[in-house]
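One structure below.
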């Protein structure tokens with residue numbers, strides 16, 4: 001494949017073509033930088049949905065970009081690059097959320113055992129998300145409370161990000177049929193909790 005030179009040439013490449021070029025580059029490659037510029041807002045949005053706060057989303061997004069760089073040669077082109085990228089973002093956020101939960105449980109255990117809690121300084125976010133996004137996030141958190149981390153991520157990616165089951169199968173490393181059944185069970189669980197009839201996915 002003949003690769004256009006310069007920033008204008010990079011802009012004309014598809015995501016998949018840009019990813020292929022990034023995989024051949026060294027640490028200072030312009031194709032990877034262009035690719036991340038293209039997906040920066042999308043990565044941030046996914047991280048914010050899955051992490052639930054601006055601070056945690058920022059940390060997660062940084063970790064996602066680091067992983068994308070080191071795993072840039074693993075994209076095989078069997079799916080859209082955006083689908084593969086979302087899979088990396090989901091796995092990163094799930095890992096960070098689980099680590100955070102384990103840390104909080106450990107801290108709670110230490111405090112209940114007689115340790116003194118560390119002082120906490122609350123710093124307001126300098127650029128809070130829009131009010132509509134905050135309201136939507138609060139409603140979603142109330143609805144999804146009690147789901148395990150992966151089920152919560154699946155619901156958010158399906159219904160908040162509007163991904164098809166075939167895309168989700170790539171992200172969650174399973175089959176579309178298995179995910180349909182899983183979403184159906186999640187709907188039943190949420191319906192039982194809210195007292196409303198569930199619907200199929």
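The values are calculated or read from the model by the stated rules, or taken from the named source; none is laboratory data. Here the structure is a predicted model, which is why all the values come from computation and not from measurement. As a convention, Cβ positions derive from the backbone with ideal geometry for all residues, glycine included, and neighbour counts pool all protein chains shown.
Scanning the stretch 24-35 for residues that are in a helix (DSSP H, G or I) and in contact with a helix residue (DSSP H, G or I) (Cβ under 6 Å, 6 or more places away or on another chain) yields 31, 32, 34, 35.
Quick check on the stretch 51-65. Is at least one of its residues surrounded by 19 or more Cβ atoms within 10 Å (Cβ to Cβ), in contact (Cβ under 8 Å) with a residue 40 or more places away in the chain and part of a helix (DSSP H, G or I)? Yes, because at least one residue in the stretch 51-65 is surrounded by 19 or more Cβ atoms within 10 Å (Cβ to Cβ), in contact (Cβ under 8 Å) with a residue 40 or more places away in the chain and part of a helix (DSSP H, G or I). Only residues that are modelled with pLDDT under 90, surrounded by 11 or more Cβ atoms within 10 Å (Cβ to Cβ) and assigned to a helix (DSSP H, G or I) were counted across the stretch 136-158, and they come to 7. Scanning the stretch 7-23 finds one or more residues that are over 28 Å from residue 154 (Cα atoms) and assigned to a loop (DSSP other than H, G, I, E, B). If the condition is being in contact (Cβ under 8 Å) with a residue 40 or more places away in the chain, surrounded by 17 or more Cβ atoms within 10 Å (Cβ to Cβ) and closer than 12 Å to residue 89 by Cβ, then the stretch 19-44 contributes 39, 43.
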